[in-house]
1. Among what's in segment 121-138 and is in contact with a Lys or Arg (Cβ under 9 Å, 6 or more places away or on another chain) and more than 10 Å from ligand 1 (Cβ to nearest atom), pick the residue that is farthest from I100 (Cα to Cα).
2. I need a count of the residues in segment 161-180 that are without any contact (Cβ under 8 Å) to a residue 40 or more places away in the chain and more than 9 Å from ligand 1 (Cβ to nearest atom).
3. Under 7 Å by Cβ, and 6 or more places apart or on different chains, what pairs join a residue from segment 181-209 that is in a helix (DSSP H, G or I) and modelled with pLDDT of 95 or more with one that is within 10 Å of ligand 1 (Cβ to nearest atom) and small (G, A, S)?
4. Any chance segment 72-88 includes a residue that's in contact with a Lys or Arg (Cβ under 7 Å, 6 or more places away or on another chain) and either acidic (D, E) or farther than 22 Å from F206 by Cβ (or both)?
5. Which residue pairs have Cβ atoms closer than 9 Å, lie 6 or more positions apart in sequence or on different chains, and pair a first residue in segment 18-44 that is farther than 21 Å from P196 by Cβ with a second residue that is in a helix (DSSP H, G or I) and among the hydroxyl-bearing types (S, T, Y)?
6. Conditions: (1) on the phi > 0 side of the Ramachandran plot; (2) within 14 Å of ligand 2 (Cβ to nearest atom). G151 meets all but one. Number of the miss?
7. Restricting the search to segment 181-209, which residues are surrounded by fewer than 17 Cβ atoms within 10 Å (Cβ to Cβ), charged (D, E, K, R) and more than 8 Å from ligand 2 (Cβ to nearest atom)?
8. Which of the following residues is within 16 Å of ligand 2 (Cβ to nearest atom) and more than 17 Å from the chain's Cα centre (by Cα): D121, D107?
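The values are calculated or read from the model by the stated rules, or taken from the named source; none is laboratory data. From a predicted model like this one, the values you see are computed outputs, not experimental measurements. Using ideal geometry, Cβ is built from the backbone for each residue, glycine included, and neighbour counts are taken over all protein chains shown.
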Amino acid sequence: MGKVVIFEHPMITHKLTLMRCKETGAKDFRNLLSEISMLMAYEITRDLPLENVEIETPLCKTTCKKVSGKKMAIVPILRAGLGMVDGFLSIVPVAKVGHIGLYRDPDTHLPVEYYFKMPPDIADRTVILLDPMLATGGSASAAIDCLKARGCTDIMLMNLVAAPEGIERVQNNHPDVGIYVAAVDERLNEHCYILPGLGDAGDRLFGTK
Ligand code: PRP
Ligand code: URA
C-alpha cells in the first residue's frame, strides 16, 4: 500500500482555507496555490539525500554538502496542475517540466488524454505529478499509467485536496506511488466533486466560469 502524507503545516492549512472560500477570486486563488505549492515542495524534498563536495570559499577550502541522487522532474496535469509549477520551481529550479493533458468527461467522469510531452530522460528521473485535486483518482491513475508506460519507476503524487475515494483508487492501482497532500476531505458528491473541497480548480484558477 502506497503511503499517504498530509502536510499539516499551519501556513499551508491557513492558505488552503482562503482558497476554499467562494469569495476568493482568480488572482488570489492563483497566488495562494503557488505559495502552497512552494511550501509543499519544501516539505516533499525534506528527505533528499546529500553528498559531500569540496568547495573553496573566499577564505579557504572546505567540505560542504549538496543534494545528490536522481534528478527531478515535475509533471503538472493540465489544466489546474499548471498553477503548482512556479511555486515548486522556486524550491527546485533545476527540475525539468513535463506536461500531461487530461480532462474529466462531464458525464462519465472518466479522464480523456489530449496531450503528453516529457523531457527525453524522464525514465531516469524522480517524477512528481502535480494536480490540486484528487477526486475519483481517475486522472491521477491514468497519468501514472502514462508515465510508467514511458519507463518511469520513481513517481510521487502531490495534491492539494484529496477525497478518500481518490486516495483508495491510486493506492489500489499504484501501490508504489506515495501521495502527498495538504488535506483529505470528507467525500465526493453525486457529480464526483470533492466535499467540502474548493470547487472546480481549473475554472477558479483561470476564471473560466
Ligand atoms: C480536475 C482536476 C483533476 C481532476 C480530478 O481537472 O484538476 O485533474 O479533475 O478528478 P478525478 O480525480 O476524478 O479524475 P478537470 O478534469 O476538471 O480538467 P481541467 O483542469 O482541464 O478543468
Ligand atoms: N475536479 C475539481 O477541480 N474539483 C473537484 O472537486 C473534483 C474534480
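1. Narrowing segment 121-138 to residues in contact with a Lys or Arg (Cβ under 9 Å, 6 or more places away or on another chain): 121-126, 134-138.
Within this subset, residues satisfying the condition of being more than 10 Å from ligand 1 (Cβ to nearest atom) are 121-126.
Details: D121: 16, I122: 13, A123: 15, D124: 18, R125: 16, T126: 16 Å.
So, considering only residues that are in contact with a Lys or Arg (Cβ under 9 Å, 6 or more places away or on another chain) and more than 10 Å from ligand 1 (Cβ to nearest atom), the one farthest from I100 (Cα to Cα) is D124.
2. Matching residues across segment 161-180 total 4.
3. A201/A80; G202/A80; L205/A80; L205/G83
4. Yes, because at least one residue in segment 72-88 is in contact with a Lys or Arg (Cβ under 7 Å, 6 or more places away or on another chain) and either acidic (D, E) or farther than 22 Å from F206 by Cβ (or both).
5. Taking only residues 6 or more apart or on different chains, the pairs are S34/S90; M38/S90; A41/S90.
6. Among (1) on the phi > 0 side of the Ramachandran plot; (2) within 14 Å of ligand 2 (Cβ to nearest atom), the lone unmet condition for G151 is (2).
7. Within segment 181-209, E186, R187, E190, K209 meet the criteria.
8. Being within 16 Å of ligand 2 (Cβ to nearest atom) and more than 17 Å from the chain's Cα centre (by Cα) holds for just one of D121, D107, which is D107.
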